[in-house]
Amino acid sequence: MYAEKIQFTKTEIQLVKFIFKHFKDRHNARQLARMLSLNHAHVNKLCDGLVRKGLFVNERIGNAIYYAFNHTHKSALHFMAYLLSLEIREFPPWLAVLLHHLKKFGTCIDLGCVFGSSIRKRDFQDIDILLIYAKARQREVSKIKGSIRRAGLLDKPIRYVEMTEEDALKNKENRIFYSMFSECLIFHNAEKYVEVIQCLR
């Protein structure tokens, strides 16, 4: 394999993550360019390249070519888990204190994400957090939530969405859950995020 076939640009990584997270939607290059504020011709070229690299598959419908993540390629899934594990570095600076506190959940949850306006803009009303964990861990999770509240270091309210993995799978047709799950930043266990998406597809 030639080196240029396995190197990825920042824009390619942006496209891969977007397509993977928005697993229920079909996107052509023009739509991707509009949603991500990118040049259409450049996106078209990059998507074709990602097909050759094994990360995307494509399908022609009429005159348009639609792209999806290659969920059958095990190496692509491992690569995706690695990329998503780095999202903890992408949290905006105004959530730095929150991120420090969220690490306390690491021993008792299966997956943790932040979604909503707080990850997009500094001027937000509350912080939305998704926690997926086993019912047996509920007491531990409640204690950590209490310690974060008592610390008083956050000036915005935190709203938790808590569920088991089974609950998440039951919501696979729920558009609100899909929006929440696809528009998030992961702070704990990207591997589980990839695994859950495989089941939600």
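The values are calculated or read from the model by the stated rules, or taken from the named source; none is laboratory data. Nothing here was measured: the structure is a model prediction, and the numbers come from that model. Please note: Cβ atoms are built from the backbone with ideal geometry, for glycine as well, and neighbour counts cover all protein chains shown.
Filtering Arg149, Arg159, Arg137, Arg122 for residues that are in the same structural domain as Leu99 (by TED's automatic domain parsing), among the basic types (Lys, Arg) and in contact with a strand residue (DSSP E or B) (Cβ under 7 Å, 6 or more places away or on another chain) leaves a single hit, Arg159.
Note on the range 127-156: among residues that are at pLDDT 95 or above and assigned to a loop (DSSP other than H, G, I, E, B), the one that is surrounded by the most Cβ atoms within 10 Å (Cβ to Cβ) is Tyr133.
Every residue, every condition in (1) touching a Leu at 6+ places or on another chain (Cβ under 7 Å); (2) in a loop (DSSP other than H, G, I, E, B), yes or no:
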position	(1), (2)
Gln31	no, no
His42	no, no
Leu50	yes, no
Val57	no, no
Phe91	yes, yes
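Consider the range 12-46 and keep the residues that are within 18 Å of Met80 (Cβ to Cβ) and more than 16 Å from the chain's Cα centre (by Cα). The one that is surrounded by the most Cβ atoms within 10 Å (Cβ to Cβ) is Leu46.
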